[in-house]
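Let me begin by presenting the structure, written as structure tokens, before commenting on it.
Derivation of every value follows stated rules applied to the coordinates shown; laboratory data play no part. Remember, it's a predicted structure, so these values are computed and weren't measured experimentally.
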Amino acid sequence: MNIDDLKNTWNDDVSEETPEISIEHSNKINLPLEKIRRNMRMEFWSTVGILIFGFLIVWIPVPEAPFKFKFYLTVLLFSMVIVVSFFFSKFFKLYKDISSPMMKTYESLKDLKYQFDLNKQYYLSFMLSFVPFLVCELIIVIEFIPHPKPLNDVQVATTILSMLAIGLFGLFLLGKYWYRIFYGKYVSQIESLLIDLKK
């Protein structure tokens, strides 16, 4: 094989790029992506609002609330801010990737699908990360909220375990439902487009 043949072979390999996505398919991709971006923005700002509201509720001057009660809840809220910040940094990376999408090839779309799968796992972890906060909150409330008659050890254990079971089940259902409604159906649309493009 001479040099000219090698050049021709090299040029042929370079020119065989991943096929581009048509404008029609590109428009179909942009619609679910825009809805995912909008829902991510809404979720971010609503989470910020809930945390600010939590801090305000804790420090509204209530004479009968002891300082320890307010202090423990404040520490708990600060810890939640740290956890939320970690997970939102992961979500923000995905948001940035889909905010300036270069969805021109089948391969880039496959990469996006992989990122969605990864972020689904982050999302479920995000919901489950609230379990320790739920436990701490239950303990603080039981210890500091006055009861007409003091609770015995069995009542305290039963209350914490039953509330924890309800809370865990509620968090799990909320996480699955929330993801499916706000993200899952749009990810499914992108997966359908991937299947169409593969044909």
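Structure above, values below:
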read-out	value
Under the Karplus curve 6.51 cos²θ - 1.76 cosθ + 1.60, θ = phi - 60°, whole-Hz ³J(HN,Hα) for segment 88-95, x wherever Gly or Pro sits	5, 5, 5, 5, 5, 4, 5, 4
Gyration tensor (alpha-carbon) shape descriptor, segment 22-198, a/c threshold 1.5	prolate
Calculated from backbone phi, Karplus (6.51, -1.76, 1.60) coupling profile of segment 147-154 in Hz, x at Gly/Pro	10, x, 10, x, 7, 7, 4, 5
Segment 47-53 - phi-based ³J(HN,Hα) in whole Hz, Karplus 6.51/-1.76/1.60, Gly and Pro as x	5, 4, x, 5, 5, 4, 4
